[in-house]
Amino acid sequence: MGEEIYIERARNGDKEAFIQLFECYKQKVFRTAFIILKDRQLAEDVVQDAFLQVYLKLGELNDLGAFKIWLYRITVNHCYSLSKKLKKILTVEISGLDFLNTGAGEDFDIPDNIVLRKEFRQTVFQIINSLPAKYKTVLTLYYYIDSSLKDISQIVKCSEAAVKSRLFYSRKIMKKTLTSQGIKLNFHDGEGLY
């Protein structure tokens, strides 16, 4: 059954359909919140708050095809609101993110290289941690959630050009920092981070 059918059924009060939507998106919403907030309990709270808001306001969503964008906008807004309340420095958790690799191919997975992979990830996430929240959020949505530039622009309420600029700036900082540490980072077509 298609997502829009579940959304329409949930709008009409079908609790099972809403549970299906929840099951479909809860992990991605949690991970997005966790990356932004770096706190498991706060991320769980954001998941609850976001889905409560979705449940209460689903009838107001006019374009069923925009559900995913709407859900992530709610998630990101809850994260920003919560972080402002707590005056918390936003960081990224090293574990749980698998959207980056070194381009070293299968050889990178052999046991002797596990330490290298861990060190690489730690370095990458230290760089990400040093970025302002607006760059960190765009990187998360683009590389982890696989959102399109258009979707990201709608989620974070900025132009696609601004999203491209933020991705460019973030990749430039990452490449410069990694290169200075002797790590080569390749970009394909100016878009991918490999």
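Summary of values
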{"read-out": "Some residue of the range 60-68 being open to solvent by 60 Å² or more (accessible area, probe 1.4 Å) and farther than 19 Å from Glu3 by Cβ", "value": "no"}
{"read-out": "Residues of the range 70-94 that turn out to be at pLDDT 90 or above and crowded, with 18+ Cβ neighbours inside 10 Å, as a count", "value": "7"}
{"read-out": "Residues within the range 5-31 that are open to solvent by less than 80 Å² (accessible area, probe 1.4 Å) and farther than 19 Å from Leu58 by Cβ, tallied", "value": "1"}
{"read-out": "Every pair of residues 6+ apart whose Cβ atoms lie under 8 Å, when the first sits in the range 7-32 and is aromatic (Phe, Trp, Tyr) while the second is in a helix (DSSP H, G or I) and open to solvent by 90 Å² or more (accessible area, probe 1.4 Å)", "value": "Phe18/Tyr55"}
{"read-out": "Within the range 138-161, considering residues that are open to solvent by less than 10 Å² (accessible area, probe 1.4 Å) and either charged (D, E, K, R) or out of contact with any Leu (no Cβ under 9 Å at 6 or more places or on another chain) (or both), the one nearest to Ser180 (Cα to Cα)", "value": "Leu141"}
{"read-out": "Subset of the range 162-183 [open to solvent by 50 Å² or more (accessible area, probe 1.4 Å) and of a type in the set (S, T, N, Q)]", "value": "Ser165, Thr179, Ser180, Gln181"}
{"read-out": "Checking Val46 against (1) closer than 30 Å to Phe120 by Cα; (2) modelled with pLDDT of 90 or more; (3) out of contact with any His (no Cβ under 9 Å at 6 or more places or on another chain), the condition it does not meet", "value": "(3)"}
{"read-out": "Scan of the range 32-45 for residues that are of a type in the set (Gly, Ala, Ser) and surrounded by fewer than 18 Cβ atoms within 10 Å (Cβ to Cβ), ordered by number", "value": "none"}
{"read-out": "Filter result for Gly103 (modelled with pLDDT of 75 or more and on the phi > 0 side of the Ramachandran plot)", "value": "no"}
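The values are calculated or read from the model by the stated rules, or taken from the named source; none is laboratory data. Here the structure is a predicted model, which means the values were calculated and not measured. For neighbour counting, all protein chains shown are included, and Cβ atoms are generated from backbone atoms with ideal geometry for every residue, glycine included. In case anyone asks, the SASA skips ligands and DNA or RNA and just uses the protein heavy atoms, side chains included. Shrake-Rupley method; radii C 1.70, N 1.55, O 1.52, S 1.80 Å.
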